[in-house]
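J.: Sharing a structure, written as structure tokens. Questions coming.
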Amino acid sequence: MGFSLSGTHIVFFIAAVIVAGAVSGIFTAVTLNISKSLKEKCERLRDKLDIDFEIINDPESIPLSGGYYLFYVKNIGDKKLETTNDTFQVFIDGNILSREDYYFSSNYTLQADVVTLYISSTEISSGNHKLKLVGPRGVYHEFDFEV
């Protein structure tokens, strides 16, 4: 004895429900994965936007003290900014300085505070120059100046 027509319909209905449930599960998993990835990317972007700084020197009058040129870096971001040779790289006219040729007056600066960047005077000759200061998360600022 075989299945009747209604028995066959029930088998096909159950199979269709199982397939629909599997497809729904896959779509849910993919949607959750995209959502998680987007959330992580937004958090990284928020962190990057929270980190910002500005060099506030007079470009025509860079102070010199004890064999170092002094550059004033103001934290204009929304977070405490770690200012060390590990978190910042300094470029003069496109050339990266070694960590021994610069240092900061403090290891961190709070929002709206200013920290002093000391750059060895042996690294900067007289004339026009471009300072590029690259901070955490690749945030950078360029500053044209004359000594």
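J.: Taking the range 53-81 on its own, how many of its residues are assigned to a loop (DSSP other than H, G, I, E, B) and touching a Lys or Arg at 6+ places or on another chain (Cβ under 9 Å)?
T.: Start the filter on the range 53-81 by keeping residues that are assigned to a loop (DSSP other than H, G, I, E, B), which leaves 56-63, 66-67, 76-80.
Applying the additional criterion that residues be touching a Lys or Arg at 6+ places or on another chain (Cβ under 9 Å) yields 56.
Counting residues in the range 53-81 that are assigned to a loop (DSSP other than H, G, I, E, B) and touching a Lys or Arg at 6+ places or on another chain (Cβ under 9 Å) gives 1.
J.: Of all the strands (runs of 3 or more DSSP E) wholly in the range 82-147, which have at least 3 residues that are under 26 Å from Arg44 (Cα atoms)?
T.: Working: elements: 89-92, 102-104, 114-120, 128-134, 140-146.
The qualifying strands (runs of 3 or more DSSP E) are 89-92, 128-134, 140-146.
J.: Now, a different point. Answer with yes or no whether Gly94 is surrounded by 14 or more Cβ atoms within 10 Å (Cβ to Cβ) and of a type in the set (Gly, Ala, Ser).
T.: Details: surrounded by 14 or more Cβ atoms within 10 Å (Cβ to Cβ): no; of a type in the set (Gly, Ala, Ser): yes.
When the stated conditions are applied, Gly94 does not pass them.
J.: Let me ask you something else. Could you give every pair whose Cβ atoms fall below 9 Å, whose first residue belongs to the range 103-125 and is of a type in the set (Ser, Thr, Tyr), and whose second residue is surrounded by fewer than 14 Cβ atoms within 10 Å (Cβ to Cβ) and assigned to a helix (DSSP H, G or I), counting only separations of at least 6 or pairs across chains?
T.: Sorted first by the residue in the range 103-125, then by its partner, the pairs are Ser120/Glu100.
J.: Considering only residues that are of a type in the set (Ser, Thr, Tyr) and out of contact with any Phe, Trp or Tyr (no Cβ under 6 Å at 6 or more places or on another chain), look in the range 47-96 and name the one that is farthest from Lys132 (Cα to Cα). First the steps, then the outcome.
T.: Step one: list which residues in the range 47-96 are of a type in the set (Ser, Thr, Tyr), which gives 61, 65, 68-69, 72, 83-84, 87.
From what is left, the residues that are out of contact with any Phe, Trp or Tyr (no Cβ under 6 Å at 6 or more places or on another chain) are 61, 65, 69, 72, 84, 87.
Details: Ser61: 18, Ser65: 21, Tyr69: 15, Tyr72: 13, Thr84: 15, Thr87: 14 Å.
Looking at the filtered set, the residue picked out is Ser65.
No lab work stands behind these numbers, since they all come straight from the coordinates. Because the structure is predicted, anything quoted here is derived from the model rather than measured. Every residue, glycine among them, receives a Cβ derived from its backbone with ideal geometry; neighbour counts consider all protein chains shown.
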